[in-house]
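One structure is given here, and the rest of the page talks about it.
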Amino acid sequence: MENNFAQVLVPINDRQLLRVFKIKSSSMRILAIADRPSFESIKEILLKQSVDVIVTLGDLEMHQIRELEDINDIPKLGVYGNHCSGMYMAELGIENMHLATKEINGIIFGGFEGSVKYKESSAKMYTQEQASELLKDFPYVDIMLCHAPPYGVNDEPDDPTHAGLIGLREYVEKKSPKYLFHGHTYPIEGQLVTKFGLTNIEYIYGSKILDIM
């Protein structure tokens, strides 16, 4: 992550004092992975370019992201998907961000796991009412990590398995995070939503490098 600094001349008793102020706005490079293995080796990606944070957005299996176990010098954050075992994060050193927040270099991350509940199962799924209740008091974050998208954003509202979450839509409308990352769905080419209100929407399938400001 790159921080910027500004030099400012401050008048003090008819003299000018040179002060250096740190500018909070900064850039961060994120490697995001969702729904299928990375398109190339994670370690090879990291050899080619520096990454500040690695995030996983669910519907991944242990063997697909096993490389993360050996990567201990980069923060790893994630949420589970509706097809996840719900058991690999601790072993791979990934911090579970479901209904949690974490600040990294001045940027606040949060998360919500799973998808709409479309069948009786112990998988990471929630009814629309459950999701709305869980998210109603969730605080503002800069980057929201999700498996499913907000309702009406890159989803298929008429398909129970790929409908977005109303609770996430309400959260975005109320809190306006700077970014929301998601996987889970299969948006039609040419109709991908990249902005909802003030929030930048990032759809992930496989792996993607994101430079955020």
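Just so you know, all these numbers are worked out from the coordinates, no wet-lab data involved. Treat the numbers as computed from the prediction; the structure is a model and nothing was measured. Don't worry about glycine lacking a Cβ; one is built from the backbone with ideal geometry, like all the others, and counts go over all protein chains shown.
Ignoring the sites themselves, what is the longest stretch of the chain with no GluC sites (Glu not before Pro) in a DSSP loop and at most 14 other beta-carbon atoms within 10 Å?
Of all site-free stretches, the longest is 121-188.
Evaluate the distance, in nm, between pseudo-label points positioned 7 Å from the Cα of GLU173 and of ARG29 along their respective Cα→Cβ axes.
Here the answer is 3.8 nm between the modelled labels.
Is there a quick way to get the dipole size of the chain? I mean about its Cα centre, with the Cβ of Lys and Arg at +1 and of Asp and Glu at -1; what is the value in debye to the nearest 20?
820 debye
In the structure shown, do any of LYS117/LYS195; LYS76/LYS175; LYS136/LYS195; LYS119/LYS195; LYS43/LYS175; LYS48/LYS124 have a Cα-Cα gap over 28 Å, and if so which?
LYS119/LYS195; LYS43/LYS175; LYS48/LYS124, as the Cα separations exceed 28 Å there.
So how tilted is helix 166-175 from the main axis of the chain? Cα-based, degrees 0 to 90, rounded to 10.
10 degrees
With the dipole of region 78-213 worked out from charges on the C-beta (+1 for Lys and Arg, -1 for Asp and Glu) around the Cα centre, which of ILE143, PHE181, HIS162 lies farthest toward the positive end?
Result: ILE143, furthest along the dipole toward the positive end.
Percent antiparallel among DSSP beta bridges with both residues in the chain, to the nearest 5?
50 percent
Roughly speaking, what % of Cα-Cα pairs in the chain are separated by over 30 Å, rounded to a whole number?
That tail contains 25 percent of the Cα-Cα pairs.
Give the calculated FRET efficiency between SER41 and ILE104 to the nearest 0.05, with a Förster radius of 25 Å applied to their Cβ-Cβ distance.
0.55
For an R0 of 25 angstrom, estimate the FRET efficiency from the Cβ-Cβ distance between GLN191 and HIS63 and round to the nearest 0.05.
0.15
Read phi for every residue in region 89-98 and hand back ³J(HN,Hα) as whole Hz from Karplus 6.51 cos²θ - 1.76 cosθ + 1.60, θ = phi - 60°, with x for Gly and Pro.
So the J values, rounded to whole Hz, are 4, 4, 5, 9, x, 8, 7, 6, 9, 4.
What chymotrypsin sites (Phe, Trp or Tyr not before Pro) does region 91-153 have in DSSP loop regions with at most 13 other beta carbons within 10 Å?
none
What distance in nm separates the simple spin-label points at GLU156 and GLU133, each placed 7 Å from Cα in the Cβ direction?
So the two model labels end up 2.9 nm from each other.
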